[in-house]
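The values are calculated or read from the model by the stated rules, or taken from the named source; none is laboratory data. Please read these numbers as outputs of a predicted model, since none were measured by experiment. When we count neighbours, we look across all protein chains shown, and the Cβ atoms used for this are built from the backbone with ideal geometry, even at glycine. Note: areas computed on protein heavy atoms with side chains; ligands, DNA, RNA excluded. Shrake-Rupley method; radii C 1.70, N 1.55, O 1.52, S 1.80 Å.
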Amino acid sequence: MSVLQIETAEVFEPLLAPARYKGAWGGRGSGKSHFFAGLLIEDSLAAPGAAGGEGLRSICIREVQKDLAQSSKALLEAKLSHYKLGQAQGFKVYRDQIQTPGDGLIIFKGMNDYTADSVKSLEGYKRAWWEEAQTATGRSLSLLRPTLRAAGSELWFSWNPRRKTDPLDVLLRGKEVPTSSSVVRANWQDNPWFTAELEQERLDTLRIEPDQYGHIWNGDYVTTLSGAYYAEALAKAKDENRIGFLAADPLMTTRAYWDIGGTGAKADACAIWIVQFIGREIRVLRYYEAVGQPLATHVGWLKRNGFGPGRVQCILPHDGASNDKVFSVSYESALWAAGFDVRVVPNMGAGAAMTRIETVRRVMPSVRFNSAEVMDGEQRIADATEAGRDALGWYHEKRDEKRGIGLGPNHDWASHGADAFGLMAVDYQSTNHDAPDLSALETYTTDY
């Protein structure tokens, strides 16, 4: 059996011991990919053993891989050259795969190309290395995990996190992780071979894109998407310490601003912001979002968290007055029946989305967000508005890259929270006399 000696950064040492799941997450320049590439070559070299056993079969994965240029093949080839490993040691590089000692094999695939039937071809494989694994879908993970089931098989993941709700983060960084999991955080500070060129790139990011620095270099979750409508405003709110502990004023009106959702797995999310207007200040106290749930679920959340009838006014967008196609009841009428004070903001007409966006930008300097730890029944919420701020930070323009034109706001998971927040901003502008004048918006809103 050949033995390869590879220098390993201290942060990755826990990943050298056998484990069913191995993960390394963090920012750019940490050496995550280099570590796993070296480990895969080392395991492939050692697999046949002194008795000439069976070679190791491995797969290098991306969620989507349109060609080999998107794969880890080039990095593995560079490692083989660096370690001076070639045909004499049992390694042979082909166009779309690498042969390893003992008739072993490394292949390169996109998981979204597999089906429940075709993935069975991986049953004899013992290593799966998923690079850029933050894009892994729940479907792809559910296909791969039970398929790689040979004795001693391992699943490796390297990624820079995006959102805490991404399937891989839920799997390996959630409250419950799989048995035999070894996961480390690795950043540029942990890389003893961090180059001067990378250091300059890091400093440039800190100077040019400070709102993106934490995600790019420290592996923080994305809080603002580059180019998002509210990225600059949210970064400024953080810099000005307008994100912190806030208490509700019991003498002031509390408002719940809604974006209407629906029921069913493919329905839009229902989003609610709990807000108070204190003079020129907008105090954002709580955020709620749920997908595919009936109105009773949303009402239950309001009541459970102290925002029941008599304590909060519900402000709905214009579709809140529309009847359900099946039950002939509207959100407005149902909330009235539940005892809530309800008001519907009329249809804002053409250009409503951009009106909301521009209004949010104008009023954002007056906004303070509550980040205190709160309770929802027996569940502890670490940050009262974090999920909503994530939505605001992601909300961005959809673009036609070929023609270089904007197509308006992108309708995705973030748009529901952003629309409810936009409704709040427009309503604040029209009803708060201390706010800067925006008379052009009067035709789109209503007075008390």
* Asked: Regarding residue 116, is this residue small (Gly, Ala, Ser) and out of contact with any helix residue (DSSP H, G or I) (no Cβ under 8 Å at 6 or more places or on another chain)?
  -> no
* Structure fact -> Filter segment 384-429 for residues that are touching a Phe, Trp or Tyr at 6+ places or on another chain (Cβ under 9 Å) and part of a strand (DSSP E or B); the one that is most open to solvent (accessible area, probe 1.4 Å) is 397
* Structure fact -> Here the residues within segment 364-389 that are under 15 Å from residue 273 (Cβ atoms), at pLDDT below 95 and hydrophobic (A, V, I, L, M, F, W, C) are 374, 381, 387
* Asked: Of all residues in segment 356-381, which are assigned to a helix (DSSP H, G or I) and hydrophobic (A, V, I, L, M, F, W, C)?
  -> 357, 360, 363, 364
* Structure fact -> Residue count, segment 168-183, condition touching a residue at least 12 places away in the same chain (Cβ under 8 Å) and more than 22 Å from residue 212 (Cα to Cα), comes to 9
* **Among residues of segment 85-133, those that are touching a Ser or Thr at 6+ places or on another chain (Cβ under 6 Å) and of a type in the set (Val, Ile, Thr), counted** => 3
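Residues are listed down the side, and each one gets a yes or a no for (1) of a type outside the set (S, T, N, Q); (2) part of a helix (DSSP H, G or I); (3) within 24 Å of residue 409 (Cα to Cα); (4) open to solvent by 60 Å² or more (accessible area, probe 1.4 Å):
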position	(1), (2), (3), (4)
204	yes, yes, no, no
217	yes, yes, no, no
234	yes, yes, yes, no
256	yes, no, yes, no
272	yes, no, yes, no
285	yes, no, no, no
* Matching residues, segment 40-54, being modelled with pLDDT of 90 or more and either buried (at least 21 other Cβ atoms within 10 Å of the Cβ) or farther than 20 Å from residue 148 by Cα (or both) -> 40, 41, 44, 45
* If residue 151 passes every condition in (1) of a type in the set (Gly, Ala, Ser); (2) within 23 Å of the chain's Cα centre (by Cα); (3) open to solvent by 60 Å² or more (accessible area, probe 1.4 Å) but one, which one does it miss? -> (2)
* To do: Output the qualifying pairs, or none if there are none: Cβ atoms under 8 angstrom, residues six or more apart or on different chains, first residue in segment 14-34 and part of a strand (DSSP E or B), second residue crowded, with 22+ Cβ neighbours inside 10 Å and among the β-branched types (Val, Ile, Thr).
  => none
* Would you please name the residue that is farthest from residue 330 (Cα to Cα), looking only at residues in segment 287-319 that are of a type in the set (Gly, Ala, Ser) and open to solvent by 60 Å² or more (accessible area, probe 1.4 Å)? => 310
* Structure fact -> Checked against (1) part of a strand (DSSP E or B); (2) open to solvent by 50 Å² or more (accessible area, probe 1.4 Å), residue 84 satisfies every condition except (1)
* **Residue identified as at pLDDT below 90, touching a helix residue (DSSP H, G or I) at 6+ places or on another chain (Cβ under 8 Å), open to solvent by 20 Å² or more (accessible area, probe 1.4 Å) and not in a loop (DSSP other than H, G, I, E, B) among 334, 353** => 353
* What number of residues within segment 1-28 are under 26 Å from the mean Cα position of the chain (by Cα), under 21 Å from residue 193 (Cα atoms) and open to solvent by less than 20 Å² (accessible area, probe 1.4 Å)? -> 6
* Asked: What residue, of 246, 198, 225, is of a type outside the set (Lys, Arg) and part of a helix (DSSP H, G or I)?
  -> 198
* Structure fact -> Taking first residues from segment 124-143 that are open to solvent by 30 Å² or more (accessible area, probe 1.4 Å) and second residues anywhere that are part of a loop (DSSP other than H, G, I, E, B) and acidic (Asp, Glu), the pairs with Cβ under 7 Å that are 6 or more apart or on different chains are 135/63; 137/63
